[in-house]
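Encoded as C-alpha cells, the structure appears first; notes follow it.
Values in this text are rule-based calculations from the coordinates and carry no lab data. This one's a predicted model, so the numbers in the text were calculated from it and none came from an experiment. Glycine also receives a Cβ, built like all others from the backbone with ideal geometry; neighbour counts cover every protein chain displayed.
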Amino acid sequence: MRASEKTKRKISTLLLAISLSAIVAVPFSTASTDGWQKVGEGTMAYQGGVTYKSITVESKGDDFRVCSDKGGAYTLREYDPGTNADENAGQKTIPSGGGCKTWENIGSFVDGTNNRAEFYVLTASSSGPPYVKLYD
C-alpha cells in the first residue's frame, strides 16, 4: 500500500470516529425535541408532601411535550381561572433517569379569548424537585 493511500485511510478512519462521537454526545432531551418550540422550563415548585408543579404555559393545542431530568408519572393539567376546575389531560411515565413524553391530540383543551390552552404538569418525587422543559 502506498503512503498516500495509508494517509487517506487514516484520515477517513479519524473522520468516521469524530462523526460517531458527535452523534453519541448529543443528549437524549436535545435529540428528541427537534421541531418543537420550547414554551417554558424550570425547576418544579414544591406543593407539599412529595408533589411538585411546573410553571403554567400556553399551547396551541396540537401536541405537548414534557422533558424532565427525573423519572416518574407526570400528569398534564389544563389551567382554568376562577372557579372552573382545572382539567386532567392525561398521565405519562418518564423513565428513571429522565427523558421526554408527548401528549397528542389535545386540541379540545384550547379555550378562551387567546385561543390557547394553558398547561402545567404535576409529579411526585421523593428525590427533590425535577427540572422540566415544556414544548408545544
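Table for the structure above
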read-out: Gained length - Ala73 relative to Tyr131, 0.36 nm times residue gap less alpha-carbon distance; value: 19.5 nm
read-out: Theoretical FRET efficiency, 1/(1+(r/R0)^6), r = Cβ-Cβ of Asn84 and Asn105, R0 25 Å, to 0.05; value: 0.70
read-out: Lysine pairs with alpha-carbon atoms under 17 Å apart, the range 32-135, spacing 8 or more or separate chains; value: 14
read-out: Rounded FRET efficiency, nearest 0.05, which uses the C-beta distance separating Asp62 from Asn114 and R0 of 25 Å; value: 0.95
read-out: Size descriptor, Kirkwood hydrodynamic radius, that averages inverse alpha-carbon separations across the range 42-136, Å; value: 13.4 Å
read-out: Footprinting exposure proxy for Ile55, Ile94 (fewest neighbouring C-beta atoms within 10 Å first); value: Ile55, Ile94
read-out: Which of Thr123, Thr51, Thr83 has the fewest Cβ neighbours within 10 Å, and the rest in rising order; value: Thr83, Thr51, Thr123
read-out: Sites matching GluC sites (Glu not before Pro) across the range 37-136 that sit in DSSP coil, with at most 16 neighbouring C-beta atoms within 10 Å; value: Glu104
